[in-house]
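Visitor: Encoded as structure tokens, here's the structure I'll be asking about.
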Amino acid sequence: MSIEQHVSDDQKEVRIRVRGRFDFEQHQAFRAAYRETAGTGVRYVVDLSQTEYMDSSALGMLLLLREHAGGEFSDITIAGASEGVRKVLDIANFGRLFRIA
């Protein structure tokens, strides 16, 4: 499975790890990783340390997560992005919408 989810015991943090390609084929699995969570008030960490490739549909999926998590009041960190993936995030100016670590 290329999308893994871990919810903390207190349900206040959700970690989503993306392995391999982050593209449209991952849409349903990525959405399933956060769909049942509370959204607002939850801290999300999207771990891209094992992501080899990311396309524009992945950017859209991250925006949908942001909307679910409360929009401008969301608490989302994108962590571990490789140089290539980080370049995609930078070109899209995602540093303005997400915390990138």
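The values are calculated or read from the model by the stated rules, or taken from the named source; none is laboratory data. Treat the numbers as computed from the prediction; the structure is a model and nothing was measured. Positions of Cβ are generated from backbone atoms using ideal geometry, with glycine treated the same way; all protein chains shown enter the neighbour counts. Ligands, DNA and RNA are excluded from the accessible area calculation, which covers all protein heavy atoms including side chains. Shrake-Rupley method; radii C 1.70, N 1.55, O 1.52, S 1.80 Å.
Visitor: Ranking request for peptides 54-60, 4-10, 82-88: highest mean number of other beta-carbon atoms within 10 Å first, then the rest in descending order.
Guide: 54-60, 82-88, 4-10
Visitor: To check you understand DSSP bridge types, tell me what percent of the beta bridges within the chain (both residues inside) are antiparallel, rounded to 5.
Guide: Restricted to the chain, the bridges split so that about 25 percent are antiparallel.
Visitor: Relative contact order (percent) for the chain, with alpha-carbon contacts under 8 angstrom and 6 or more residues of separation?
Guide: Rounded, it is 26 percent for the chain.
Visitor: Cα axis of helix 56-68 to longest principal axis of the chain: angle in degrees, 0 to 90, nearest 10?
Guide: The angle comes out near 20 degrees.
Visitor: Which loop-located GluC sites (Glu not before Pro) does the range 11-71 contain, where loop means any DSSP state but H, G, I, E or B and the Cβ has at most 15 other Cβ atoms within 10 Å?
Guide: Those that pass, being in a loop and sparsely packed, are GLU36.
Visitor: At 1.4 Å probe radius, can you tell me the per residue accessible area of the chain in Å²?
Guide: 59
Visitor: I would also like to ask the following. Using a simple spin-label model with points 7 Å from Cα along the Cα→Cβ vector, what separation in nm is obtained for GLU4 and ILE91?
Guide: Using points 7 Å along Cα→Cβ, the separation is 2.9 nm.
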